[in-house]
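Undergrad: Here it is: the structure, laid out below.
The values are calculated or read from the model by the stated rules, or taken from the named source; none is laboratory data. No experiment lies behind these values; they were computed from the predicted model shown. Note that each Cβ is placed from the backbone with ideal geometry, even for glycine, and that neighbours are counted across all protein chains shown.
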Amino acid sequence: MKKRYTLDQNRWDSPHEHAMPERTRVPAELRIGPVRVAPATVLAPMAGVTDTVFRRFIKNASMFSADTQLPADVEQTRSNQQSGCGLIMTEFTSADGLARMRESKRKRYLTYYDDEHPISAQIFGSNPETLAESARIIEESGFDLVDLNLGCPAKRVVACNGGSGLLRDLPAIRVIFERVRAAVGIPFTVKFRMGWNDAHIVCVELARMAEDCGLNAVALHARTREDGYTGQARWEYIAEVKDAVTIPVIGNGDIRTPEDAAAMVDRTGCDAVMIGRTAPANPWIFRQIAQYTATGRYDRPTDIDRYRMIRTYFEMLVREATADERGAGSVLGACPNKSVERDSVGKMKQFASWFTHGVPGGAALRRSIFEAKRGADVLAAVERFFALRAEEPMADRDPDPIPVDNAVASWG
């Protein structure tokens, strides 16, 4: 029986260790149609994760710190010094639901801010006309790109022939490609897996079809639907897709470190790298890739970095929930009603184990967060924990046990 991946595991199944290739770096930019993506790094769409708060948080975490000094001989075009994340993507959204719902409700799913550009909205479904209508809605909402999900392995999505379920029906995919391409003028991309299983690998044929139908880029998660999130991603299929098409190819799968990102580009020739599961556990990954590209080294987060990161995210989360409810509000837990506050605290708990990943003694902080009832209580727990950490001698700090209880089941 294949073991189920949890975000809190320390390592992937059978991970490879990668050294920095001698000359290859993550590209400074790529063009997807008229959209410039700089640097060539992409935050993967993740259900329940990549809402507007997390996307903006990643943008902020990706910025080089103010005191970062680049060597004088570093080419500015290769430094990626403004941000390590070139393109962010929404959570995947049902095309059927998007086409049917009222315009006021759509805003809940299509909310983004000016500082999120360039941004792509991802949709899933199996009805060509509904997908085309949803793509039009996305274009009218001001998104820079629209993306089709052909990668999600979740049973509830596959059951309605969405996500990776469509990989068993390439003629149906062609019709979808043609309808959506004809419906919108913005760049149209697709994220897919290698195939349904090892006996049904279709990624090269699908990529060629995408190019033939006028899509502007493809992203391959180098696993099959049957693989789920287990085993080692098979980068050789990314290389095969890159050799087969002339449109940009984005590689996805098992990028845990800057070394991994550079190694993927080196081994596959892909035009950009897409990062999913690593981002919630290490929000600095894009900045680290940028630093590594510029200088050959990168900073590891300190305690103060983690403190600022946790507090910043939680404050952004409560502020967003408060703004949704009444258009403005304070930060420290002063949500206007219990349901809004409950949702905010629930999200904090969801991210707590990820954001304390690797923090010695972090289990105690997680317990405090899980027991909290209000946003203010969560932030107070963070303050107490890091205040005590600052007073604790380094030699007395115990390593943090890695929890294994928060499985992620529906990321494409």
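Undergrad: Being modelled with pLDDT of 50 or more, of a type in the set (A, V, I, L, M, F, W, C) and either assigned by TED's automatic domain parsing to the domain that holds ASP144 or surrounded by fewer than 19 Cβ atoms within 10 Å (Cβ to Cβ) (or both), is that true of even one residue in the range 68-86?
TA: Within the range 68-86 (the criterion being modelled with pLDDT of 50 or more, of a type in the set (A, V, I, L, M, F, W, C) and either assigned by TED's automatic domain parsing to the domain that holds ASP144 or surrounded by fewer than 19 Cβ atoms within 10 Å (Cβ to Cβ) (or both)), the answer is yes, since at least one residue qualifies.
Undergrad: Would you check which residues across the range 293-305 are surrounded by fewer than 22 Cβ atoms within 10 Å (Cβ to Cβ) and under 28 Å from VAL273 (Cβ atoms) and list them?
TA: If the condition is that a residue be surrounded by fewer than 22 Cβ atoms within 10 Å (Cβ to Cβ) and under 28 Å from VAL273 (Cβ atoms), then THR295, GLY296, ARG297, TYR298, ASP299, ARG300, PRO301, THR302, ASP305 are the ones that fit.
Undergrad: Let me ask something additional. Does GLU140 fit the bill of being more than 26 Å from ALA233 (Cα to Cα), in contact (Cβ under 8 Å) with a residue 24 or more places away in the chain and of a type in the set (D, E, K, R)?
TA: no
Undergrad: Could I ask something else about it? Only residues that are buried (at least 24 other Cβ atoms within 10 Å of the Cβ) and either among the hydrophobic types (A, V, I, L, M, F, W, C) or at pLDDT 95 or above (or both): list them for the range 31-44, please.
TA: Those that are buried (at least 24 other Cβ atoms within 10 Å of the Cβ) and either among the hydrophobic types (A, V, I, L, M, F, W, C) or at pLDDT 95 or above (or both): ILE32, VAL37, ALA40, THR41, VAL42, LEU43, ALA44.
Undergrad: Now for a separate question. Name the residues in the range 206-227 that are among the acidic types (Asp, Glu) and at pLDDT 95 or above, would you?
TA: Matches in the range 206-227: GLU211, ASP212.
Undergrad: Which condition breaks for ARG136 when tested against (1) modelled with pLDDT under 90; (2) farther than 24 Å from GLU320 by Cβ?
TA: Exception for ARG136: condition (1).
Undergrad: Can we say VAL157 is among the aliphatic types (A, V, I, L, M) and surrounded by fewer than 20 Cβ atoms within 10 Å (Cβ to Cβ)?
TA: Judged against the criteria, VAL157 is not a match.
Undergrad: Let me ask another. Are there any pairs, at least 6 apart or on different chains, whose C-beta atoms fall under 6 Å, with the first in the range 117-130 and under 18 Å from ASP169 (Cβ atoms) and the second surrounded by fewer than 19 Cβ atoms within 10 Å (Cβ to Cβ) and at pLDDT 95 or above, and if so, which?
TA: Short answer, once both residue conditions are applied: PRO128/VAL175; PRO128/ARG179.
Undergrad: Out of the residues in the range 45-67 meeting the condition of being in a helix (DSSP H, G or I) and among the aromatic types (Phe, Trp, Tyr), tell me which one is modelled with the highest pLDDT.
TA: Going through the qualifying residues, I end up with PHE54.
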